[in-house]
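**Q** Dropping a structure here in structure tokens format, bear with me for questions.
The values are calculated or read from the model by the stated rules, or taken from the named source; none is laboratory data. The shown structure was predicted, so the numbers you read here are calculated from the model rather than taken from an experiment. For neighbour counting, all protein chains shown are included, and Cβ atoms are generated from backbone atoms with ideal geometry for every residue, glycine included. To get the accessible areas, we keep the full protein, side chains included, count just its heavy atoms, and leave off ligands, DNA and RNA. Shrake-Rupley method; radii C 1.70, N 1.55, O 1.52, S 1.80 Å.
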Amino acid sequence: MIKQGTLNRLKHDITHRGPSAWALFILLLAFYFLLYFPDKFEEGARVFGASKSTIASMKSLGNDLNIFEHFMRWLGPALGFELKKWWDPVFNKWTLYGTIYTLAITIGGALVIRRYKHNPYQIVRTSVVMLVQIIFGFSLPILLGANGYKDYYFSYFWPLKIEYLYPENLANMPIFLVLYGIIGAMLVVPILGAFFGKRWYCSWVCGCGGLANTFGEPWRQLSNKSSAAWRMEKFTIHSMIIIAFLTTGLVIANYLVGDHSPALQKSALIIKFLYGVFGVALLSGAVGVAFYPIKGTRVWCRYFCPMAGILGLVQKFGRYRITVKKDMCISCGMCSKYCEMGIDVRAYAQKNQSFTRASCVGCGICAEVCPRGVLKLENKVDPDPQELSMNAFLSESYKQEPHRRAV
Amino acid sequence: MNQEHFIIIGNGVAGIEAAMTIRSRLSVEDAKITVISKESDFFFSRTALMYAYMNTMQREDLEPYERHVYTQQHITLLRDTVTDIDAHNHTITLETSAPLTYTKLLIATGAHPRHVPFEGIEQATDGVVNFVSMQDLDHCERLTPSTSHAVVVGGGLIGIELVECLMYHGVKVTFLVRESSYWPQALSHEEGSRIADLIRSHHVNLLLEEELQQIHTDQQGRVSAITTNKNQKIDTQMLGICVGVTSNTSWLKSATTPPDIQRALCVDKFFQTSLPDVFGAGDCVQIDLGMEQPLIETIWYSAKRHGQIAALNMLGDQVAYAPPTFFNSSKFFDVEYTTAGQVVNTPAHTKSLWRTHPSQPYLTQRIVFDPTQKDQVIGFNMLGSRWNHRILTQWIEQRRPLSYVRKRLHQAQFDVEFGRAKLKAMQEEILNHD
Ligand SMILES: Cc1cc2nc3c(=O)[nH]c(=O)nc-3n(C[C@H](O)[C@H](O)[C@H](O)COP(=O)(O)OP(=O)(O)OC[C@H]3O[C@@H](n4cnc5c(N)ncnc54)[C@H](O)[C@@H]3O)c2cc1C
Ligand code: SF4
Ligand code: SF4
Ligand code: SF4
């Protein structure tokens with residue numbers, strides 16, 4: 001039952017797919033469109049070999065729509081920063097986006113910490129997410145940009161940032177960044193994943209997950225718990241792994257032999273463009289965030305992120321697990337309701353089954369909201385610290401006479 | 001083809017567990033399974049009613065199984081009330097649909113609120129609520145907007161849940177508890193007093209050792225005030241009565257073939273009633289285990305076990321019920337509680353190791369042991385942190401002495417990562433029980 005009062009009703013409306021939630025959805029969708037797509041018109045026209053005049057008209061259309069860029073170019077001088085100085089590159093729309101994003105994580109994170117102040121796992125995890133965003137997701141890239149380098153996010157790896165393994169980008173990077181990107185993606189991420197599950201990345205470091213677990217917290221319960229959604233997730237996420245590998249492979253192949261094969265060159269350009277439009281701009285950006293008020297916070301993470309797909313496979317065979325305390329579940333459903341990945345946690349808990357699901361990002365909220373303390377996130381191989389002695393079997397016959405009623 | 005028909009009355013956890021167990025053994029060709037309930041179309045978690053009331057969940061979220069599961073498992077759900085049983089002819093009569101014939105019948109009708117004839121309750125046509133069924137929840141929700149002050153009677157688990165829900169909705173609550181501390185059926189006086197402090201710290205007007213005496217109503221018949229046995233008059237628009245539940249079997253007494261009923265529906269250790277091919281399980285039964293008192297258990301875990309084992313017996317296996325070492329858990333506002341074994345009303349020669357924290361009043365552990373039996377541990381009562389009751393009950397079953405348990409207590413902790421309760425900080429004393 002909704003609490004009395006206009007403010008409470010509005011709060012319910014925006015977190016339960018009411019009209020205000022749909023309005024926010026449309027607003028966010030428009031924001032992402034204006035942020036990502038103006039750059040794509042001209043590139044698209046070129047990639048698909050349109051005529052000169054089409055390219056020119058696409059370029060001017062993109063330019064007209066690029067209002068955030070214009071805003072930043074206006075803002076610099078308005079604040080007294082003369083452009084074309086060393087800080088010039090800072091005044092672009094990505095700085096604006098980064099500022100909004102970081103504010104959303106910081107303010108949302110502070111609220112999350114307040115909400116779960118009795119749960120140290122949530123406090124530590126959320127603090128790390130906020131720090132990573134402020135340092136690696138915001139300050140460092142801006143400093144790099146201002147100093148004439150190409151911005152680099154140390155907290156992101158291939159295949160989430162698919163271009164970090166594109167050879168033409170690697171060729172222009174200092175060697176230590178090249179090594180950082182390759183070793184990070186190929187070794188560090190999966191090895192840590194085997195020990196701690198995907199959570200070390202998806203709910204401690206990654207900015208996408210960071211936004212979901214801070215700003216997105218009020219909508220986490222909207223994820224779809226049906227088994228049909230689970231089937232779809234398995235199909236889409238594995239398809240995205242394949243697509244990410246194919247795209248990267250094609251771009252690398254083109255880099256190596258491209259000059260000899262115009263057909264390869266053309267298809268590499270097209271697939272790179274398509275991945276940029278659909279994978280990055282549409283799915284991770286627009287769908288990933290704009291869908292918060294409608295479909296919950298982790299639509300991109302659950303159905304599409306190729307990194308999640310790979311980490312999920314590692315997780316299935318690694319040490320991470322959610323341990324279920326046997327026989328203590330009252331099937332209330334709080335865990336399933338608040339799982340942002342749409343995992344029907346209750347289905348496992350009421351069957352006394354400890355489990356590892358590939359999609360689980362280890363946010364720990366199921367364990368937090370469970371009123372009977374049934375669930376525990378663990379990195380251990382052996383779930384039960386108690387040695388099972390012969391004594392235990394022998395004393396099976398010793399049973400207490402149950403003597404009292406609870407309710 | 002000789003299809004058997006299993007009919008189950010009651011779609012609570014006992015009934016549904018039984019239906020699922022039967023289906024896991026018998027295919028559609030062998031068995032038709034029908035589950036009948038008057039309360040709801042689908043099985044829902046009664047234990048989560050409070051979360052629906054507090055808007056942390058919506059009604060459909062309370063259902064433990066996706067709705068298509070019943071079609072998939074070929075379990076027919078029927079929304080109706082069973083009014084009669086004729087065991088000679090193997091038929092049951094329903095309120096609205098045609099009579100049905102069963103091969104085996106399970107009565108899992110649960111429990112309903114205990115009726116106490118408080119003075120004035122007959123005149124109160126509106127404003128008196130219970131908190132047990134879906135209809136109770138609807139009733140509470142209808143009354144909440146027109147309530148600024150509510151009184152809740154009964155110091156048990158359902159009472160405190162209702163109090164918490166009303167507080168959430170900004171209703172001022174007076175909580176009447178007959179005993180001198182909260183919930184003495186499970187908590188020691190000291191533990192109950194701490195929880196009483198906790199309840200008061202949430203701005204609930206908790207009145208201990210005070211009982212409801214009389215209910216006053218306004219012209220429309222709505223509750224307007226109550227008087228306590230200490231002659232205190234309290235204005236209220238809603239009166240929640242949570243003084244326990246009793247077996248839902250009164251309708252069986254006038255059946256064509258009534259089964260044996262005492263305090264509840266009598267079953268033997270195979271969940272068989274006195275009628276042939278009729279079984280009983282869950283909150284509605286009392287089980288004769290050959291002990292002095294028949295066993296009545298009214299908690300979720302027991303109802304679930306009853307349903308599973310009753311189903312095996314309906315299938316023809318002879319599986320006797322052996323209740324495991326008692327355990328339970330709960331949550332008082334934000335304080336979690338785990339218990340195992342015997343912790344209250346233990347023999348006078350037993351003692352407790354009482355562990356308290358210097359600065360966290362709601363973090364306590366009490367370990368009950370028997371000095372006459374080599375300090376064997378017989379029970380645990382843990383407040384304010386999470387414990388693996390499996391390990392606690394194992395220690396009890398292994399008859400471990402206090403020294404063994406005390407050294408290994410950390411092995412049974414179940415707190416979240418980084419959040420383990422600091423056991424080293426606890427202060428200890430030994431309490432006598434006489
Ligand atoms: C608010 C609340 C909180 C609780 N919290 C906890 C907890 O935290 N932990 C715990 O262990 N236990 C808890 N319990 C107790 C637990 O819910 C019960 O023990 C359990 O639900 C019993 O299940 P059951 O299947 O025996 O009966 P029920 O769930 O009561 O199901 C019986 C069903 O049969 C139907 N029925 C009855 N008569 C007929 C008829 N003649 N024809 C057709 N249908 C009929 C009823 O309408 C009902 O739907 C709580 C109970 C309540 C009310
Ligand atoms: S699923 Fe992908 S986007 Fe989401 S948190 Fe994990 S790596 Fe980041
Ligand atoms: S299962 Fe639990 S830890 Fe995993 S994603 Fe869902 S809520 Fe988070
Ligand atoms: S929240 Fe806890 S008690 Fe409720 S269904 Fe999930 S595991 Fe079971």
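**Q** Any idea what % of Cα-Cα pairs in chain B are farther than 31 Å?
**A** 49 percent
**Q** For B:Asp84, enumerate residues with amide H under 5 Å from its amide H, sequence gap 5+ or separate chain, H modeled in the peptide plane.
**A** B:Thr93
**Q** Taking N as the number of residues in the stretch B:349-391, what value does Rg over Cα atoms divided by 2.2 N^0.38 Å take?
**A** 1.27
**Q** Any idea of the total accessible area buried by the B-A contact, 1.4 Å probe, rounded to 100 Å²?
**A** Chains B and A together bury roughly 6200 Å² of accessible area.
**Q** Would you mind working out the accessible area per residue for chain B, using a 1.4 Å probe, and quoting it in Å²?
**A** With the other protein chains kept in place, chain B gives 41 Å² per residue.
**Q** Moving on to the next point. Using the Karplus equation 6.51 cos²θ - 1.76 cosθ + 1.60 (θ = phi - 60°), what ³J(HN,Hα) coupling, rounded to whole Hz, does each residue of the stretch B:128-139 give in order, writing x for Gly and Pro?
**A** 9, 10, 10, 9, 10, 10, 4, 5, 4, 4, 4, 4
**Q** Let me ask another. With no solvent and one point on each alpha carbon, what is the Debye value of log10 I(q)/I(0) for chain A at q = 0.06, 0.07, 0.08, 0.11 Å⁻¹?
**A** -0.30, -0.40, -0.51, -0.91
**Q** Using a 1.4 Å probe on the protein chains only, how many percent of the accessible area of the stretch B:327-432 belongs to carbon and sulfur?
**A** 47 percent
**Q** If you don't mind, there's one more thing I want to ask. Excluding ligands, DNA and RNA, what is the solvent-accessible area per residue of the stretch A:24-139 at a probe of 1.4 Å, expressed in Å²?
**A** Heavy-atom SASA per residue in the stretch A:24-139 reads 56 Å².
**Q** Still on this model: Keeping the other protein chains in place, figure out the carbon and sulfur percent of the accessible area of chain A, with a 1.4 Å probe.
**A** Percent of accessible area from carbon and sulfur atoms in chain A: 70.
**Q** Next question, about the same structure. Can you list, bin by bin at 20 Å, the percent of alpha carbon pairs in the protein assembly as shown, starting at 0?
**A** That works out to 13, 40, 31, 14, 2, in percent per bin.
**Q** Of chain A, which part is the longest with no GluC sites (Glu not before Pro) in a loop (DSSP not H, G, I, E, B) and with at most 12 other C-beta atoms within 10 angstrom?
**A** Between the exposed loop sites, the longest stretch runs A:83-386.
**Q** Apply 1/(1 + (r/R0)^6) to the Cβ-Cβ distance of B:Gln135 and B:Arg67, taking R0 = 25 Å, and write down the FRET efficiency to the nearest 0.05.
**A** So the FRET efficiency works out to roughly 0.75.
**Q** Longer than 26 Å from Cα to Cα, which of A:Lys351/B:Lys331; A:Lys326/B:Lys422; A:Lys11/B:Lys38; A:Lys198/B:Lys407 are they? Say none if no pair is.
**A** In this structure, A:Lys11/B:Lys38; A:Lys198/B:Lys407 exceed 26 Å between Cα atoms.
**Q** Let me ask you something else. Just the ratio, please: alpha-carbon radius of gyration of the stretch B:58-164 over 2.2 N^0.38 Å, N its number of residues.
**A** So the Cα radius of gyration is 1.45 times the expected 2.2 N^0.38 Å.
**Q** On the Cα set of the stretch B:327-432, report Rg and Dmax in Å, please.
**A** Cα radius of gyration and Dmax of the stretch B:327-432 are 13.0, 39 Å respectively.
**Q** Rounded to the nearest 0.05, what FRET efficiency do B:Asp197 and A:Tyr255 have when you use their Cβ-Cβ distance and R0 = 60 Å?
**A** Working from the Cβ atoms, E equals 0.30.
**Q** Scan around B:Lys32 for amide H atoms under 5 Å from its own, H built in the peptide plane at 1.01 Å from N, and keep only partners 5 or more places away or cross-chain.
**A** It is B:Glu4, B:His5, B:Phe6, by chain and number.
**Q** Pairing the Cα long axis of helix A:52-65 with the longest principal axis of chain A, what angle in degrees results, from 0 to 90 and rounded to the nearest 10?
**A** Taking Cα atoms only, the helix is inclined about 50 degrees.
**Q** What per residue convex hull volume, in Å³, comes out for the stretch B:390-431 when only alpha-carbon positions are used?
**A** Output value, Cα hull per residue: 90 Å³.
**Q** Quick one: 3J(HN,Hα) in Hz for the stretch A:107-118, Karplus 6.51/-1.76/1.60 with θ = phi - 60°, rounded, Gly and Pro as x.
**A** Each residue of the stretch A:107-118 in turn: 5, x, x, 4, 5, 5, 5, 5, 5, 10, 5, 8 Hz.
**Q** What number comes out for the charge environment of A:Asn379, summing +1 per Lys or Arg and -1 per Asp or Glu over other residues with Cβ under 10 Å away?
**A** For residues surrounding A:Asn379, the net value is +2.
**Q** If you average the C-alpha positions of the stretch B:254-295 and of the stretch B:132-157 separately, how far apart do those two centres end up, in angstrom?
**A** So the two Cα centres are separated by 32 Å.
**Q** Please list, in chain and number order, the residues 5+ apart from B:His357 or on another chain whose amide H is under 5 Å from its amide H, with Hs placed from the backbone.
**A** B:Leu363, B:Gln427
**Q** Now for a different question. Express the C-alpha Rg of the stretch A:317-381 as a ratio against the empirical globular expectation 2.2 N^0.38 Å, rounded to two decimals.
**A** Cα-based Rg divided by the globular estimate yields 0.97.
**Q** Continuing with the same structure: Above 17 Å lies some portion of the pair distances; for the stretch B:121-243, what is it as a whole percent of all C-alpha pairs?
**A** 53 percent
**Q** Which value in nm describes the separation of the simple spin-label points at B:Ser274 and A:Ile182, placed 7 Å from the Cα toward the beta carbon?
**A** A separation of 8.5 nm, rounded to one decimal place.
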